[in-house]
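A.B. asks: The structure that follows is given in the form of structure tokens.
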Number of protein chains: 2
Amino acid sequence: MSTEYTGGGDPQRSIELLWGIQERPRRGPKPKLTVAMIVAEAVQLADAEGLSALSMRRIADNLGVATMSLYTYIPSKAELIDLMMDTVHGEVAPPEDTEAGWRARLEYIANANWALYHRHPWMLQVIINRPPLGPLTMTKYERELEAVDGIGLTDLEMDSVINVVIRYVQGAARASIDASQIAQRSGMTDLQWWEASAPTLAKVVDGTKFPLGGRVGSAAGEEYESAFDPARNFAFGLPLVLDGIEALVISRAG
Amino acid sequence: MSTEYTGGGDPQRSIELLWGIQERPRRGPKPKLTVAMIVAEAVQLADAEGLSALSMRRIADNLGVATMSLYTYIPSKAELIDLMMDTVHGEVAPPEDTEAGWRARLEYIANANWALYHRHPWMLQVIINRPPLGPLTMTKYERELEAVDGIGLTDLEMDSVINVVIRYVQGAARASIDASQIAQRSGMTDLQWWEASAPTLAKVVDGTKFPLGGRVGSAAGEEYESAFDPARNFAFGLPLVLDGIEALVISRAG
DNA sequence: GCACAACTCCGTACGTCGTATAGAGTTCAA
DNA sequence: TTGAACTCTATACGACGTACGGAGTTGTGC
């Protein structure tokens, strides 16, 4: 039942795993697997069936080995999650047109992360105790800093600005992913669920008790054909966040 | 291993539970417990020991009943999570000074939610399949809408503006909570962990490969005495987000 | 050529979880 | 007073991560 965590083990061992520094063993049978194979299988499984389906047994089965064989390569499941995280961080390509200006670059980064989280919905469920200090994660962060380098911000402000964008994307993406997963899980569409809830709710709620909520709910229902639309909410909010950053950038430049 | 989920059961039953509509049974022994007692115990346990310690067995033990007795009151653990969510949503008091202007009200709401998530760190770990349509959750949403009512936004814009703030707070709070939990879990402070990681990392990373990351890391280390400071990041970003909203409000008013 | 250290692989087992099932005990309506 | 409706509980099942110890495989040093 417990949630998944990153890290928590020996930092040195974690970093060696993340950077692929494995001293080649001199004796013993040739390994059947590699760490990369296990990580790839784990990512695929988590993508396809969710974090709750990601068990050491399932991974081992899919790879054709016994469960405990995995522990020859990886100290624990938490370390595997670290490796999965770093691997998928490598999917985010840097902005192509670096001349387009910081705002376009930040917008690109926001959308790229939004897409990343949707490709790998388990990412936002993992509790990140320690950031996975792997090569792809560090590269991704470096590219993000480059997007706001040289526009008049201090080093700390650069980090803080990236942080605002990423946190907003994470919050919005999390809501989007949570909402989308229910369709697969329950086989009930938003509309069906709402229609099943509405009559009972009506019996319980005085029509005048939540006037604003009622108005907004009706408006959303007409506009979105659903109770809410996370993608549209994200698209609405991102420019606002960037506007706020723009005000800061202008004040620093002027 | 699997994560916890809200809802997913029969919507009608869920709503009846949330609103406390229990038809008094006419026969049978007097119940030892109430739903409210179970929920209160569950919230306390999750607050104190985390979502991974929240098991039906632990709750039942603490209440002095057998595990399966809980299922007399609640259909499943997912419904219990729904009830826990609605309960803690009742802790957020509305802005006291309603005359202070929409920006002050939104700022208050953001900080109140930030505090709420930190009091109940499990909230952001739960996967919200369906929003828990309970009385306290709906009241909280109504109060949030009131904060931006009558300032020239459409009904949908009001919802979207609230959404931006809440999502940003959620993203930022999630990072803060994740980071703070590791201290309890591993008994290793940020500094200790960093000192254990740095030498191994140095062996692996060319000093020139991540120039910006290196600069930012040094600056953060001096300023925060840590790799990063989630609370400070939140305090930095919130005004930016509000600035972005302010631009929208002004454009609608003008 | 041989012995052993070092290594990979894996079967079994433990304690955890949510909850299905079925039975025992309790209360009240008929 | 009887039986339906209800609460409570013991037991059991199939999952989980992983500790442990043993079997099989390979390269090194003699």
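The values are calculated or read from the model by the stated rules, or taken from the named source; none is laboratory data. This is a predicted model, so every value here is computed, not measured. Here the Cβ is made from the backbone with ideal geometry for all residues, glycine too, and neighbour counts use every protein chain on show.
A.B. asks: Is one or more of the residues making up segment B:101-115 closer than 28 Å to A:PRO121 by Cβ, outside any loop (DSSP other than H, G, I, E, B) and at pLDDT below 95?
C.D. replies: Checked against the condition, which is being closer than 28 Å to A:PRO121 by Cβ, outside any loop (DSSP other than H, G, I, E, B) and at pLDDT below 95, segment B:101-115 yields no hits at all.
A.B. asks: Looking at A:GLU146, is it in a helix (DSSP H, G or I), more than 30 Å from B:ARG185 (Cα to Cα), at pLDDT 95 or above and within 9 Å of chain B (Cβ to nearest Cβ)?
C.D. replies: The answer is yes for A:GLU146.
A.B. asks: When you look at A:ALA219, is it within 19 Å of B:VAL164 (Cβ to Cβ), over 22 Å from the mean Cα position of the chain (by Cα) and not in a helix (DSSP H, G or I), yes or no?
C.D. replies: So A:ALA219 fails the test.
A.B. asks: State the number of residues belonging to segment B:116-143 that are under 29 Å from A:LYS203 (Cα atoms) and outside any loop (DSSP other than H, G, I, E, B).
C.D. replies: Going through segment B:116-143 one residue at a time, the tally reaches 11.
A.B. asks: Next question. For segment A:127-175, name all the residues that are more than 17 Å from A:VAL88 (Cα to Cα) and in contact (Cβ under 8 Å) with a residue 60 or more places away in the chain.
C.D. replies: Across segment A:127-175, the qualifying residues are A:ASN129, A:ILE151, A:GLY152, A:LEU153, A:GLU157, A:VAL161, A:VAL164, A:VAL165, A:TYR168, A:ALA172.
A.B. asks: Let me ask something else about it. Select from segment B:176-195 the residues that are without any contact (Cβ under 8 Å) to a residue 24 or more places away in the chain, aliphatic (A, V, I, L, M) and facing chain A (nearest Cβ under 8 Å) and list them in ascending order.
C.D. replies: Within segment B:176-195, B:ILE182 is the sole residue that qualifies.
A.B. asks: For segment B:158-177, state whether one or more residues are modelled with pLDDT under 90 and surrounded by 23 or more Cβ atoms within 10 Å (Cβ to Cβ).
C.D. replies: No, every residue in segment B:158-177 fails to be modelled with pLDDT under 90 and surrounded by 23 or more Cβ atoms within 10 Å (Cβ to Cβ).
A.B. asks: Let me ask another. Which members of segment A:76-96 meet the condition of being assigned to a loop (DSSP other than H, G, I, E, B) and either within 16 Å of DNA strand C (Cβ to nearest atom) or among the hydrophobic types (A, V, I, L, M, F, W, C) (or both)?
C.D. replies: A:SER76, A:VAL92, A:ALA93
A.B. asks: If you go through segment B:4-58, how many residues are closer than 22 Å to B:ARG130 by Cβ, within 13 Å of DNA strand C (Cβ to nearest atom) and either within 24 Å of the chain's Cα centre (by Cα) or of a type in the set (Val, Ile, Thr) (or both)?
C.D. replies: So the count comes out to 12.
A.B. asks: Which pairs have Cβ atoms under 6 Å, sit 6 or more apart or on different chains, and link a residue in segment A:61-90 that is at negative phi to one that is surrounded by fewer than 13 Cβ atoms within 10 Å (Cβ to Cβ)?
C.D. replies: A:THR67/A:ARG57
Let's see how each residue does on (1) loosely packed, with under 14 Cβ neighbours inside 10 Å; (2) closer than 30 Å to B:ILE182 by Cβ; (3) within 14 Å of DNA strand D (Cβ to nearest atom); (4) within 11 Å of chain A (Cβ to nearest Cβ):
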| residue | (1), (2), (3), (4) |
| --- | --- |
| B:GLU4 | no, yes, no, yes |
| B:GLY9 | no, no, no, yes |
| B:TRP19 | no, no, no, yes |
| B:GLN22 | yes, no, yes, no |
| B:PRO25 | yes, no, yes, no |
| B:PRO31 | yes, no, yes, no |
| B:ALA40 | no, yes, no, no |
| B:LEU45 | no, yes, no, no |
| B:SER52 | no, yes, yes, yes |
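A.B. asks: Same structure, new question: Do we have any residue at all in segment B:196-212 that's surrounded by 16 or more Cβ atoms within 10 Å (Cβ to Cβ) and more than 8 Å from chain A (Cβ to nearest Cβ)?
C.D. replies: No, there is no match, as no residue in segment B:196-212 is surrounded by 16 or more Cβ atoms within 10 Å (Cβ to Cβ) and more than 8 Å from chain A (Cβ to nearest Cβ).
A.B. asks: Please find, among A:LEU83, A:LEU133, the residue that is surrounded by 22 or more Cβ atoms within 10 Å (Cβ to Cβ) and either among the β-branched types (Val, Ile, Thr) or more than 10 Å from chain B (Cβ to nearest Cβ) (or both).
C.D. replies: Among A:LEU83, A:LEU133, only A:LEU83 is surrounded by 22 or more Cβ atoms within 10 Å (Cβ to Cβ) and either among the β-branched types (Val, Ile, Thr) or more than 10 Å from chain B (Cβ to nearest Cβ) (or both).
A.B. asks: On to the next question. Can you tell me which residue among A:ALA183, A:ALA219 is at pLDDT 90 or above and surrounded by fewer than 19 Cβ atoms within 10 Å (Cβ to Cβ)?
C.D. replies: One residue alone meets the criteria, A:ALA219.
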